[in-house]
Amino acid sequence: MVTDSDDAPPTESPIRSELRRVPSLVVVNTGDGKGKSTAAFGIALRALGREWRVRVIQFLKSGDWKTGEEEMLTRLGAEWWSAGDGFTWDSTDMESSKQLAIVAWRSAAETLRTGSHELLVLDEITYAMTWGWISTDEVVDAISNRAPTVSVVLTGRNAPGAIVDIADTVTTMVDTKHAYHAGIAAKRGIDY
Ligand code: ATP
Ligand code: MG
């Protein structure tokens, strides 16, 4: 526990000697503010730098257009799957979006079971759970019983309580201000 107050430089080492090492972690980035996916891709970047095998599955984003993060992280060796067929409000067939999410989840569960990658990013997976497209219980079960070397990052608003419960690290992004609310369009290089 860090005992130093925040208004002075720390005088005690914040590193606890009794800390233990674990083979993998579960990280959740949730909340209404910007930064959930970008923080997940920041971890992917670190993992690639450590020669980890990285797999990203995007549950909502379309494979039609390539984002900056997909462009760069695939170049660095990440395996990438945009399983969504676009934004749901563009979707001509909601049922096909749901089917894609189910197929994506089955494949994610396989990665968790086999340990084929050291990092699995499940981007925007919370929506698939809250909309009832995939079972939260199944996700909890697959993560809890995963191959011990697979770290998992889950992103999306309103992370279910059961997911928060099994996670090691949960960050809730707060929407203090967002350009969109001032009528500014998503910016290439910043937002995608
Ligand atoms: P990012 O991908 O930038 O880290 P995010 O993953 O936290 O954002 P998403 O809900 O996945 O947020 O939304 C992705 C897109 O929506 C991005 O273009 C992002 O800038 C934008 N966005 C994120 N949060 C907000 C917000 N509170 N209001 C409006 N737009 C937002
Ligand atoms: Mg996101």
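Across D64, D123, D32, mean-square fluctuation computed from a Gaussian network of the chain (C-alpha pairs under 10 Å connected) peaks at D64.
Over the range 62-192, what is the relative contact order in percent, taking alpha-carbon pairs closer than 8 angstrom and at least six residues apart?
Numbers: 124 pairs, mean separation 28.8, N = 131.
The value is 22 percent.
Just tell me, in residue order, which DSSP H segments of the chain are both 15 angstrom or longer along the helix axis (alpha-carbon based) and at least 0.0 in mean Kyte-Doolittle hydropathy. Intermediate results must be reported in sequence, preceding the final value.
Working: long enough: 36-49 (20 Å, 0.81); 94-114 (30 Å, -0.13).
The answer, listed by residue number, is 36-49.
Counting only lysines at least 8 places from K177 when in the same chain, those with an alpha carbon closer than 24 Å to its own are K34, K36, K61, K187.
In the chain, which longest range has no trypsin sites (Lys or Arg not before Pro) that are both DSSP loop (not H, G, I, E or B) and surrounded by at most 11 other Cβ atoms within 10 Å? Walk me through the intermediate numbers first.
Working: sites that count: R16, R20, R21, R50, K177, K187, R188.
It works out to 51-176.
Overall form of the range 67-192: rounded. Here a/c, set by the Cα gyration tensor axes a ≥ b ≥ c, is under 1.5.
Tell me, what is the FRET efficiency for W65 and K177 to the nearest 0.05, using R0 = 35 angstrom and their Cβ-Cβ distance as r? List each step's numbers first, then the result.
Values: r = 27 Å, r/R0 = 0.76.
Using R0 = 35 Å, I get an efficiency of 0.85.
Using DSSP loop states and a limit of at most 12 other Cβ atoms within 10 Å to flag GluC sites (Glu not before Pro), what is the longest stretch of the chain containing no flagged site?
Values: sites that count: E12, E18, E51.
After excluding every exposed loop site, the longest remaining stretch is 52-192.
Stretch S116-T38 to full length: gain in nm at 0.36 nm per residue minus the Cα-Cα span? Write out the running numbers ahead of the final one.
Values: separation 78, 0.36 × 78 = 28.08 nm, distance 2.34 nm.
Result: 25.7 nm gained on full extension.
FYI, it's all coordinate maths here, none of it is from the lab. The structure presented is a predicted model; accordingly, all values stated were derived computationally and were not measured. Methodologically, a virtual Cβ is constructed for each residue, glycine included, from the backbone with ideal geometry; neighbour enumeration extends over all protein chains shown.
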